[in-house]
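Right, one structure below, let's go through it.
All of the numbers you see were taken from the coordinates with simple rules; none came from a lab. Everything numeric in this text was worked out from a predicted model, so none of it was measured. Positions of Cβ are backbone-derived with ideal geometry, glycine not excepted, and every protein chain shown enters the neighbour counts.
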Amino acid sequence: MKAFYHPDQALHDPKQFMRVGVLADPTDLPERTSRLLGALAARSITVEAPADLGRAPAELVHTPDYLNFLETIYDRWRDLPNAGPEVLPNCSPYWNGAPDQDARPPCRSDSVIGQVGWYMGDLAVPIGPETYRSAIASSQTAAAAAQAVVDGADAAYALCRPSGHHARRDRATGFCYINNAAVAAETLRKHFGRVAVLDVDAHHGDGTQEIFYRRADVQTVSVHVDPLAYYPYYIGYADETGASDGLGHNLNLPLKPGSGDAEMLAAVDQGLARIADFGAQAVVLSLGYDAHRADPLSMLQVTEAAFAGIGAKLREAGLPLVIVQEGGYAIDVIAGCLEEFLAGLAGERG
């Protein structure tokens, strides 16, 4: 299996995020990448650096004004009097999330503070000096893995960091700045007529859903903790099924808090059945490990065995596969989760 990663992805080094009203220590640590690289090495999988395509992969998904914001905001922020060490919003606009819109118009205000509130959706996406560089490299990694599948690989793994599935076309949120899974799906769509995205991170892939919500050529499926009790709270419910041409092409499978391996795997079966009915010719798997019972953000009781099961089910599906790394913040277990997934995908686990 091909695998891709660029060292620049480890440069993003957040110092804080808001949790229950407290600016807490970050969980998206650069060390996550070294642990996952170790899991790949344990299976003798060679990791390649993606080609430097600049912003082109991100531009498949995101608006120019948003990417310009990501690229310039840290330096502009540091020019403010009394600015903190990272960019964080202290205001946010109201927007109704209308499904008939791909994205909002560019922010009308030239104010740094105004633009930060417009383009950043919460206090979990601090922007530091290397955030943009890491996020662009992560999008290139996703594009490289997808291109490898277009070129004939059965499967390819994109070790993406920062993660991406919460990022909207024009907004960073939930540790995510550029939507890597959407970049991979758009890259696949250049070759495959129908593509599916299956998201098994504990959090709903709200950015991915919104990006493809009105599309008939991309089926989105997300298995996640019920948003009644869990981030992102406002989206990810079972009655969200798509709009316009995309009606019927979005499937949310919320899990009750406390669910374990059996519930997770049953939902994956349901999602894969929908993907088969859709007639997908390739799949993007948004693979997060924060469903693991040891994860500091988890509300589930999932074990490593579930990831082996997910891998086995993707193998049985028999579709070209791009694996895009999402969350997973229990440093001591994420390598094991990836190893088990890869073992299942290779047919070494039932």
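Values as computed for the structure displayed
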item	result
Amide H within-cut-off set for residue 168, under 5 Å, with H built and near neighbours excluded	173
Sorted by Cβ density within 10 Å, fewest first, the residues 157, 234, 213	234, 213, 157
Least to most buried among 100, 295 (fewest other Cβ within 10 Å first)	100, 295
Of (1) -0.28; (2) -0.18; (3) -0.22, the label for log10 I(q)/I(0) by the Debye sum over Cα atoms at q = 0.06 Å⁻¹ derived from the coordinates	(2)
The stretch 90-239 - Rg (one decimal) and Dmax (whole number), Cα, Å	15.7, 47
Calculated from backbone phi, Karplus (6.51, -1.76, 1.60) coupling profile of the stretch 300-313 in Hz, x at Gly/Pro	10, 10, 6, 10, 4, 4, 5, 5, 4, x, 4, x, 5, 5
Integer Hz, Karplus 6.51/-1.76/1.60 couplings in order for the stretch 111-126, x for Gly and Pro	5, 4, 4, x, 5, 4, x, 6, 9, 10, x, 6, 9, 10, 10, x
Convex hull volume of the stretch 60-165 per residue (C-alpha atoms, cubic angstrom)	122
5 angstrom amide H check on residue 160, placed H, neighbours 5+ away	325
Burial ordering of 176, 160, fewest other beta-carbon atoms within 10 Å first	176, 160
Reduced Cα scattering model of the stretch 212-350, Debye log10 I(q)/I(0), q = 0.20, 0.21, 0.22 Å⁻¹	-1.28, -1.38, -1.46
Residues whose placed amide H lies under 5 Å from that of residue 255, excluding near-sequence neighbours	224, 225, 226
Candidate lysines - alpha carbon under 18 Å from residue 2, same-chain residues fewer than 8 apart omitted	none
Given charges at beta-carbon only (K, R positive; D, E negative), |dipole| of the stretch 1-81 in Debye	360
Among 173, 200, 228 the positive-end extreme of the charge dipole of the chain (Cβ point charges)	173
Distribution of pairwise C-alpha distances over the stretch 194-235, 10 Å bins, in %	32, 51, 17, 1
